[in-house]
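Beneath this line is the structure, given in structure tokens, with notes to follow.
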């Protein structure tokens with residue numbers, strides 16, 4: 001009886017036992033005269049001198065277009081921010097600032113913007129895109145009191161890498177974000193340091209605001225101390241801005257009603273090597289990176305191959321990525337055709353969910369920060385349409401379980417707000433005038449026409465004759481929500 005290390009004991013003929021005891025690599029080495037290390041040595045990636053077929057190049061191009069789409073998306077947003085002359089508002093409505101700087105809204109986001117799909121009308125947004133290869137940045141966190149707030153720190157993959165928010169008990173002060181290879185001294189007064197896995201990163205402050213003139217005025221003194229700037233400017237003193245005075249930059253005319261196009265087949269394979277260089281492969285991604293870069297290198301020397309890859313990317317965009325704008329095509333299935341994700345902003349190697357979220361509502365919070373529920377269909381499985389009237393009834397005690405607030409938002413088929421006479425795009429905690437039933441239930445009316453003066457406080461206007469989608473957000477959900485103990489009620493066609 002011989003013992004094979006780390007395996008169960010088995011009885012083997014002497015020859016086989018010897019083989020396993022010595023080890024196959026050693027036997028091979030003895031047969032060839034090579035040292036064990038030489039036997040195991042493998043090339044680091046594909047042989048770039050080998051000719052490849054167009055069909056193979058198309059295969060790799062199609063795959064790369066899908067899994068790298070979110071990364072190139074954020075990279076091109078970085079290139080856009082890079083052109084900002086100073087912190088301001090792009091088109092007068094979107095936070096827009098030079099790299100390593102912040103721009104902050106002073107109220108809810110305007111309904112006409114098209115830079116980012118599925119915006120929220122419950123919070124005041126800020127935005128900063130970081131170029132950490134230029135050096136660390138400082139993030140200011142003011143005292144928000146009991147108000148809900150969270151800063152999202154995301155790398156180029158759209159994965160969050162830091163925890164700053166009310167749900168984390170973050171204290172007011174100064175925090176640093178550094179690149180993956182940064183080595184240096186942390187200045188006195190810095191309360192915490194977050195290390196990004198890529199040189200491009202993003203900071204998105206979100207601060208809850210009630211829909212009242214009083215709260216819109218009260219929030220200004222808090223958000224005035226939200227800021228992002230290079231470490232070289234840090235002096236231990238809170239910098240303040242009146243974000244209501246930002247310069248407004250003109251916005252070019254739009255070609256469509258959908259989100260601004262951030263990923264383009266014609267430039268994708270030229271940009272991808274740069275993107276991958278600043279975001280080294282995660283464990284298990286080395287072969288994927290090497291394969292993609294080898295094919296891109298081959299295409300750089302063969303115009304016909306490059307043309308085929310661009311053509312394949314265009315097909316992949318239409319066939320693979322565009323359908324993910326529709327919520328019903330992805331996500332964890334829930335009752336009444338709702339869907340959700342359980343790994344938002346923590347995608348890892350879940351390439352499908354990462355790209356689906358990036359295409360439909362990029363930059364989601366982590367599930368313990370915000371739980372999202374998506375809906376394209378009514379309770380019978382039919383597509384939501386402004387031709388119909390719907391009701392959503394939360395029975396007594398069945399409102400979204402939250403530590404902060406919840407809202408139901410309506411979007412058009414492109415995932416943007418629908419103009420309406422009430423200038424109302426969501427209903428939820430911030431709407432203090434909603435009326436409850438005598439039994440304690442809450443019914444929301446989702447339809448194009450008014451449900452009647454007595455019900456308008458609970459009316460979420462829909463686009464007449466057009467398809468639309470719904471999103472329910474639960475900011476700082478309680479533990480039962482995170483553990484999937486609660487799901488939304490059905491969207492029922494009104495009788």
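The values are calculated or read from the model by the stated rules, or taken from the named source; none is laboratory data. Just so you know, these numbers come straight off a predicted model, no measurement behind them. All Cβ positions, even for glycine, are placed from backbone atoms using ideal geometry, and neighbour counts span all protein chains on display.
Going by the conditions given, is residue 154 out of contact with any helix residue (DSSP H, G or I) (no Cβ under 6 Å at 6 or more places or on another chain) and either surrounded by 23 or more Cβ atoms within 10 Å (Cβ to Cβ) or closer than 19 Å to residue 87 by Cβ (or both)? So residue 154 passes the test.
Is it the case, given these coordinates, that residue 425 is under 23 Å from the mean Cα position of the chain (by Cα) and farther than 22 Å from residue 487 by Cβ? Here the answer is yes, as residue 425 does meet what is asked.
Anything in the range 439-495 that is loosely packed, with under 13 Cβ neighbours inside 10 Å and at negative phi? List them, or say none. Within the range 439-495, 439, 449, 453, 454, 479, 480, 483, 485, 494, 495 qualify.
Quick check, is residue 227 crowded, with 19+ Cβ neighbours inside 10 Å and closer than 21 Å to residue 143 by Cβ? Answer is yes for this residue. Is it fair to say residue 97 is touching a helix residue (DSSP H, G or I) at 6+ places or on another chain (Cβ under 8 Å), under 25 Å from residue 318 (Cβ atoms), in contact (Cβ under 8 Å) with a residue 12 or more places away in the chain and not assigned by TED's automatic domain parsing to the domain that holds residue 372? So residue 97 fails the test. Would you check if there is a residue in the range 160-174 being in contact (Cβ under 8 Å) with a residue 40 or more places away in the chain, closer than 27 Å to residue 90 by Cα, within 20 Å of the chain's Cα centre (by Cα) and part of a strand (DSSP E or B)? Yes; the residues of the range 160-174 include at least one that is in contact (Cβ under 8 Å) with a residue 40 or more places away in the chain, closer than 27 Å to residue 90 by Cα, within 20 Å of the chain's Cα centre (by Cα) and part of a strand (DSSP E or B).
Kindly establish whether residue 115 is touching a strand residue (DSSP E or B) at 6+ places or on another chain (Cβ under 6 Å) and outside the structural domain of residue 409 (by TED's automatic domain parsing). For residue 115, the condition - touching a strand residue (DSSP E or B) at 6+ places or on another chain (Cβ under 6 Å) and outside the structural domain of residue 409 (by TED's automatic domain parsing) - is met.
Scanning the range 464-485 for residues that are touching a strand residue (DSSP E or B) at 6+ places or on another chain (Cβ under 6 Å) and assigned to a loop (DSSP other than H, G, I, E, B) yields one hit, 478.
Among the residues in the range 293-313, are any within 25 Å of residue 56 (Cβ to Cβ) and assigned to a loop (DSSP other than H, G, I, E, B)? Yes, the range 293-313 has at least one match.
Residue 356 meets all of the listed conditions (1) in contact (Cβ under 8 Å) with a residue 60 or more places away in the chain; (2) crowded, with 22+ Cβ neighbours inside 10 Å; (3) more than 15 Å from residue 472 (Cα to Cα) but one, namely (1).
All of 43, 25 fail the test of being at pLDDT below 65 and under 46 Å from the mean Cα position of the chain (by Cα), apart from 25.
Per the listing 278, 199, the residue uniquely crowded, with 17+ Cβ neighbours inside 10 Å and either at pLDDT below 95 or not assigned by TED's automatic domain parsing to the domain that holds residue 75 (or both) is 278. Scan the range 232-266 for residues that are buried (at least 16 other Cβ atoms within 10 Å of the Cβ) and either under 30 Å from residue 60 (Cα atoms) or not assigned by TED's automatic domain parsing to the domain that holds residue 74 (or both) and the total you get is 6.
For the range 203-219, the criterion of a residue being over 19 Å from residue 148 (Cα atoms), surrounded by 17 or more Cβ atoms within 10 Å (Cβ to Cβ), assigned by TED's automatic domain parsing to the domain that holds residue 144 and modelled with pLDDT of 95 or more is satisfied by no position.
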